[in-house]
Each structure stands twice: as C-alpha cells, then as structure tokens.
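Q: Quick one: the structure is below, questions incoming.
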Amino acid sequence: MSKSFAVRRRRFTALGCAAAVAAPLAAPMVAHGQPRWKPDKPITIYNPFAAGGVTDVHMRLLGEVVAKILGQQIVIDIKPGAAGTLAPAMLLNAKPDGQTLAVMSINTLRYPHYQKTNWNPLADFTYITGLSSYTMGIVVRTDSPWKTFQDMIAAGKKEPDKYNYGTSGVGGTGQLMMIEIEQATGARFTHVPYKGGAEWMQALMGGEIQFVADAAQWAPFVDDGKCRILAFATEQRIPRYKEVPTMTELGVKVVGQSPYGLLGPKGMPPEIVESIYQAFKEASASPKVTEYLAKFIQVPWDKNPAQFRAFAEKYYVDVKPLLIKAGLAKS
C-alpha cells in the first residue's frame, strides 16, 4: 500500500466516523419539522363559532392545508352554544388519540367563573396551539349620527339603555369591553348577543342595533364604505386605519383581549400534540390563510403547547376580578 493511499484512507475513515457520529444528532433536527404522527382517519374539529363567520372560514382554510400535511381530511363541525364553550365541552368523552379536537375561544377561560360547568379549563383539556386573535373595536353604519366615540358616549348618557349594541355572546370580549366602557363613562347601552359576526353584521345593517362592539369581522364593510369605526380597543393604533383612535387615547383605558386556539382531550401523547402543533403552525403561515386573516385585521397567534397552557393558566386567574367588577361572577 502506498503512503499517499494510506493517508487518503485514514482521512476517509475519519470523515466517515465523524459523519456517523453527526448523523444521529442531525436526524432530530430534520424530523422536528415533520409530522411524527399520522392519523388513520379524518380529524374532527368542533368549532364554537357560527357557520360562515371569520373563524369558521379560517378553520376550513387551515383544515385544507393541514389535511395535506397529515394525510387525512379535517372535518369542521359547528357546535355553537353555552357562550362558545359547548365545543370544548364535547371533548370530555373523546379519546385522547388526536382524532377529535376543538377550537377554544377565550370565553372558555371565563365561563366557569360565572356559570357552573362539568369541566375545568385547566384540568380537562390538552393545550395544542394558539391560532389567531381578534382585533376589537366599535363600529356604526356610515349613516349613523355618531361621528366619534365621544358622540356615542354622549348619547348613552343622555338616553341610557335606548341604544342597542351587538356582540358574539354573553360574557364575551365584546360585552366585557362595553361593561368597562359603561363603568368608566357613565353611559348605558342595551346588549344584544348573537351567535357570531355574520348575524350581528346583518342586524347592524338592518337597523336592529345601533353599533357593534366586537371583533373586526366588520372590516370589509368599513372598506366598502358601509360602516365607520369609532374606536379600537387595542393598545396601539392599527396602521391600516391609522386615523382611528384607540379608546385609551380617548381617556377610556379598555383593551379587548380575544385570542383563540386548539384543544384536545386531556391525556394526549406528546408526540401527537407536537405533530398537530407543527402541522397547524405550517398551515398558519400559508399565503391563503394569512391573506384571509389580514382582511379582518387578524394575525396568526402562534403559541406552542407549553406557551398556550401558560397563557391559559395566567388568564384564568387574571380575568376573575374583571368578571366580578362586571357583575358576572361572585368573589
């Protein structure tokens, strides 16, 4: 054997050993972004929001992408009721095999404080991923005599309870937002709950209510010139509507928090949870999903399982004083 050949052989052997050592280390990195679990039948997702609403369409768009990633159809099953908590409640009798999931509105973390339930939001579910968050605001028809938020407040003070407003349900972010506004200003309005944005927009345009205090499912109507935004319940102004003030700017410190995410039955195996999380994370970044959400001033609310649970645990404790203040819960 020549000296040069021996040297080349030693170098080859050394490189081969290094590659053999590196391969097991690199493999998890490659596999991390790939689903490690494949469902063997269609996945059903219970959705508490009304058919045809923003969240319903959002979930169906996500489902189309996730179906390609996981190799099974995603069935969105509308289950409105119990202030948006019926869908998660249906997981109590489901197997923790990843085949049955539910959309969790933030009201799932409020409802047990003021209504007796047979489930506990922190003990009875597996937290999988955050999905998106609503942008909250107050909107009137373009022909409304109220040109500003201050006009609305003045009307509610002058003639208490005369004017109706719509939201997506009792105890929801919209109603809590209005209760805080009423307590801060002394104005009074009559709450009319609906099952979702499609219903309350129809009611607004039909004159059944004078304004909507809820998520930006009204954005296309604003863009078409049919509605006007009086104020946002956000921490900062929205760039798309930079001329519209926040309530905080107007002296009413109200910020509406309304994210939603995906739950499973308690006891789901970590590898299934991680696979579903990764699939929905990838789907949330797809152009057709992000473009759709942008129409309604929503952005992906990416929370991994640990982050989503941490958010839920904190919010569940933090929201109770607000519910007591609003008269919805007892201390």
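Any read-out appearing in this document is the output of simple, stated calculations on the displayed coordinates, not a laboratory observation. Everything numeric in this text was worked out from a predicted model, so none of it was measured. FYI the Cβ positions are ideal-geometry reconstructions off the backbone, even for glycines, and counts take in every protein chain you see.
Q: Positive end of the dipole of the chain, charges at C-beta (+1 Lys, Arg; -1 Asp, Glu), about the Cα centre: which of Leu204, Ala279, Leu323 has its Cα farthest in that direction?
A: Checked the options; the winner is Ala279.
Q: At a Cα cut-off below 17 Å, give the lysines reachable from Lys325, other chains included and same-chain residues fewer than 8 away excluded.
A: Lys253
Q: Work out the length of the dipole vector of the chain about its Cα centre, built from +1 on the beta-carbon of each Lys and Arg and -1 on the beta-carbon of each Asp and Glu, and round it to the nearest 20 debye.
A: The dipole magnitude comes to about 1320 debye.
Q: With a 10 Å Cβ neighbour count serving as the proxy for reagent exposure, in which order, fewest first, do Val139, Val103, Val57 appear?
A: Listing Val139, Val103, Val57 from fewest to most nearby Cβ atoms yields Val57, Val103, Val139.
Q: Karplus couplings for the range 53-69 from phi (6.51 cos²θ - 1.76 cosθ + 1.60, θ = phi - 60°), rounded to Hz, Gly and Pro as x?
A: 3J(HN,Hα) across the range 53-69, in whole Hz: x, 4, 5, 4, 5, 4, 5, 5, 5, 4, x, 4, 6, 4, 4, 6, 6.
Q: Moving to a separate point now. Arrange Leu101, Leu230, Leu70 by Cβ neighbour counts within 10 Å, fewest through most, would you?
A: Leu70, Leu230, Leu101
Q: For the chain, what is the Kirkwood estimate of the hydrodynamic radius, computed as the reciprocal of the mean inverse distance between distinct Cα atoms, to one decimal in Å? Before the final figure, lay out each step's value.
A: Details: mean 1/r = 0.0460 Å⁻¹.
Result for the chain stands at 21.8 Å.
Q: What is the spread of the Cα atoms of the range 136-241 along each of their three principal axes, largest first, in whole Å?
A: 32, 28, 26 Å, listed from the longest principal axis down.
Q: Provide the per-residue ³J(HN,Hα) series for the range 169-178, in order, calculated from phi with Karplus coefficients 6.51, -1.76, 1.60 and θ = phi - 60°, each as a whole number of Hz, with x at glycine and proline positions.
A: Each residue of the range 169-178 in turn: x, 5, x, x, 4, x, 5, 4, 4, 5 Hz.
Q: Right, something else. Apply the Karplus parameterisation 6.51 cos²θ - 1.76 cosθ + 1.60, with θ equal to phi minus 60°, to every residue of the range 151-166 and state each ³J(HN,Hα) to the nearest whole Hz, in sequence, with x for glycine and proline.
A: 4, 5, 5, 4, 5, x, 7, 5, 10, x, 6, 6, 9, 9, 10, x
Q: Using only helices, what value at 222 nm comes out for the chain when you add -39,500 (n - 2.57) per DSSP H run of length 4 or more and divide by the total residues, to the nearest 500 deg cm²/dmol?
A: Values: 12 runs with 137 residues, N = 331.
About -12500 deg cm²/dmol.
Q: With contacts defined as alpha carbon pairs under 8 Å and 6 or more residues apart, what's the relative contact order of the range 209-331 in percent?
A: Relative contact order, the range 209-331: 18 percent.
Q: Give me Ser275, Ser105 sorted ascending by neighbouring Cβ count inside 10 Å, so fewest comes first.
A: Ser275, Ser105
Q: Now for a separate question. Any of Lys68/Lys95; Lys38/Lys195; Lys79/Lys266; Lys79/Lys116 with alpha carbons more than 27 Å apart? Name them for me.
A: Details: Lys68/Lys95 23 Å; Lys38/Lys195 34 Å; Lys79/Lys266 20 Å; Lys79/Lys116 19 Å.
Among Lys68/Lys95; Lys38/Lys195; Lys79/Lys266; Lys79/Lys116, the Cα-Cα distance tops 27 Å for Lys38/Lys195.
Q: Need the C-alpha centroid separation for the range 270-293 versus the range 185-240, integer Å.
A: Taking the Cα centre of each part, the range 270-293 and the range 185-240 sit 29 Å apart.
Q: Under a cut-off of 22 Å between alpha-carbon atoms, report the lysines in cross-link reach of Lys162, not counting same-chain residues fewer than 8 places apart.
A: The reachable lysines, counting only those whose Cα sits under 22 Å from Lys162, are Lys147.
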